[in-house]
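Worksheet for the structure shown next.
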C-alpha cells in the first residue's frame with residue numbers, strides 16, 4: 001500500500017502545475033509528503049496565528065489518547081461530531097530542538113486519517129523511515145504549511161485540517177474523498 005500511496009501523492013504533486021488533475025504520472029522518487037491542493041496552490045495563504053492557537057473541539061480527534069512515545073507509530077482515534085471549519089493545531093509533545101519555519105527542509109514521521117471514517121490513508125511509518133521535504137507553499141497542502149511552522153524538533157503535533165486547506169472539493173481519489181477533513185499526527189525529526 002505504501003508504494004501505491006507514494007505514487008498517488010507524487011502524481012498529485014506533479015499535476016499541480018498542469019491542470020490540477022491526476023494524469024497518471026507516478027514518480028516514486030519524489031518525497032511521500034502530502035502534495036498541494038491544486039485548488040488552493042496558486043493562492044498562497046500566510047500562516048495565521050489562529051492556526052496555532054485554535055482549541056480542538058470534540059471532533060478534532062482524541063489527542064489525550066495519542067501516545068507520547070515518539071519511537072512508535074501513533075494511533076488516531078476516529079473523531080466524533082462535526083469537523084472543524086478552521087485548522088486545529090494541538091501539540092501532543094512539545095519539542096525542545098530547532099523550530100520549523102516556512103521554506104525550511106524538514107524531516108517528519110506522520111500518520112494521516114480521514115476525519116469522517118477514521119481510516120488511515122497514509123503513514124510514513126509504513127515505509128519505516130521518516131520523509132524529508134521543503135515546507136513550502138505550492139509543494140504541500142496548506143494545512144501542513146500553516147500547521148507545522150513553530151513546531152520544534154522532538155515534538156509530536158496533531159493537525160485537524162478542513163477540506164479547504166487540504167484537497168477541497170476534488171479530494172485525492174481513491175484514498176481521500178471530496179470535501180474530506182484530514183487528521184494528521186506529525187513527529188518533527190529534523191529541521192535543515
Which condition breaks for residue 140 when tested against (1) under 19 Å from residue 91 (Cα atoms); (2) buried (at least 22 other Cβ atoms within 10 Å of the Cβ)? (1)
Between a first residue in segment 76-89 that is without any contact (Cβ under 8 Å) to a residue 12 or more places away in the chain and a second residue that is exposed (fewer than 14 other Cβ atoms within 10 Å of the Cβ) and outside any loop (DSSP other than H, G, I, E, B), which pairs have beta carbons less than 6 Å apart while being 6 or more apart in sequence or on different chains? none
Could you please find all residues in segment 130-189 being within 14 Å of residue 101 (Cβ to Cβ) and in a helix (DSSP H, G or I)? 144, 145, 146, 147
Please specify each residue of segment 117-129 satisfying the condition of being assigned to a loop (DSSP other than H, G, I, E, B) and either on the phi > 0 side of the Ramachandran plot or surrounded by 15 or more Cβ atoms within 10 Å (Cβ to Cβ) (or both). 118, 128
Test: residue in segment 158-170 that is surrounded by fewer than 24 Cβ atoms within 10 Å (Cβ to Cβ), in contact with a strand residue (DSSP E or B) (Cβ under 6 Å, 6 or more places away or on another chain) and at pLDDT 95 or above: yes
If we ask which residues in segment 126-140 are closer than 19 Å to residue 66 by Cα and at pLDDT 95 or above, their number turns out to be 1
Could you tell me which residue of segment 88-116 is farthest from the chain's Cα centre (by Cα), considering only residues that are buried (at least 23 other Cβ atoms within 10 Å of the Cβ) and either part of a loop (DSSP other than H, G, I, E, B) or at pLDDT below 95 (or both)? 100
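The values are calculated or read from the model by the stated rules, or taken from the named source; none is laboratory data. Predicted model, so just to flag it, every value in this text is computed and none were measured. Every residue, glycine among them, receives a Cβ derived from its backbone with ideal geometry; neighbour counts consider all protein chains shown.
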